[in-house]
């Protein structure tokens with residue numbers, strides 16, 4: 001009975017071992033048969049935490065693994081001490097070929113900012129390679145003076161390195177600050193402000209400000225009382241009525257005066273013709289007729305001399321009509337507005 005039990009245990013162990021070996025072989029064959037493309041990058045910083053077999057990911061998606069870590073001076077004839085990292089990437093994981101360094105598609109993607117950088121994995125100190133598209137102007141490729149064996153994907157500094165460099169620059173700037181000089185300047189500024197505050201009569205300024213505010217309030221109250229006064233409204237109404245009547249009067253007087261100006265040249269011309277006729281007739285009249293002719297000529301010259309004065313009088317009447325019209329259109333402007341410009345007629 002005991003021998004049968006040992007036989008079953010042995011058979012179980014052997015079966016489990018065979019199944020495990022078959023699984024490893026199947027998975028290993030799948031990984032071996034999968035097509036890989038080797039690419040290389042150069043890192044100008046410490047790669048602590050990165051080992052052979054570390055993952056290479058594109059935005060968190062595994063795309064390959066690290067195959068080799070070395071120095072560029074050990075692989076190429078150069079004096080540059082970069083870290084050389086060769087990565088095995090699945091050849092069909094991207095839409096562009098990564099195994100052909102002369103491929104235009106690969107060059108276009110590198111110009112768009114396809115880069116590799118070191119990234120930490122948690123707080124354990126383990127690192128992996130992260131691939132992503134970054135800004136090309138801020139992440140230029142490293143300068144190399146050799147021909148890479150495998151397709152070259154440029155790298156950029158890791159976020160930890162960028163953060164440490166930024167902190168170091170801040171600390172250097174803080175170290176350059178002259179604390180003693182800065183504190184002396186602050187003390188001098190505070191002393192000057194205190195002196196200025198002591199010299200200023202704040203209480204007197206406040207009293208003047210309150211007095212000014214009281215005067216403004218009183219002026220505002222008087223203006224409101226003036227505007228709301230019913231007598232002012234009655235005066236404005238009377239002024240508007242008076243202006244309307246004056247405008248009607250001027251409009252009635254303007255037409256006869258205008259007609260008189262139109263007819264005045266005709267009358268003068270008629271007088272001239274009449275004088276000429278008198279001159280013709282006076283040749284046959286006695287001396288009394290000559291005196292009558294001279295009288296008519298004087299009358300003609302008098303009318304001609306007064307024609308300009310009559311025109312000025314009509315222009316003054318027109319200006320008065322315009323002023324009365326403006327007064328009727330806006331009585332408030334006549335009471336509270338600025339004085340009107342001087343009349344062009346009066347300037348003449």
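Summary table below
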{"read-out": "Residue satisfying all of: in segment 73-96; in contact (Cβ under 8 Å) with a residue 40 or more places away in the chain and in a loop (DSSP other than H, G, I, E, B); surrounded by the fewest Cβ atoms within 10 Å (Cβ to Cβ) among these", "value": "77"}
{"read-out": "Residue tally, condition assigned to a helix (DSSP H, G or I) and modelled with pLDDT under 65, over segment 1-23", "value": "3"}
{"read-out": "Where residue 45 falls short, out of the listed (1) under 47 Å from the mean Cα position of the chain (by Cα); (2) under 18 Å from residue 151 (Cα atoms)", "value": "(2)"}
{"read-out": "Test: residue 124 is under 38 Å from the mean Cα position of the chain (by Cα) and either within 24 Å of residue 60 (Cβ to Cβ) or outside the structural domain of residue 59 (by TED's automatic domain parsing) (or both)", "value": "no"}
{"read-out": "Those residues of segment 108-135 which are modelled with pLDDT of 90 or more, in contact with a strand residue (DSSP E or B) (Cβ under 9 Å, 6 or more places away or on another chain) and in a loop (DSSP other than H, G, I, E, B), in sequence order", "value": "113, 134"}
{"read-out": "Residues located in segment 108-117, provided they are farther than 23 Å from residue 162 by Cα and loosely packed, with under 14 Cβ neighbours inside 10 Å", "value": "108"}
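The values are calculated or read from the model by the stated rules, or taken from the named source; none is laboratory data. Given the structure is predicted, the values throughout are model-derived calculations rather than measurements. All Cβ positions, glycine included, derive from the backbone under ideal geometry; neighbour counts span all protein chains shown.
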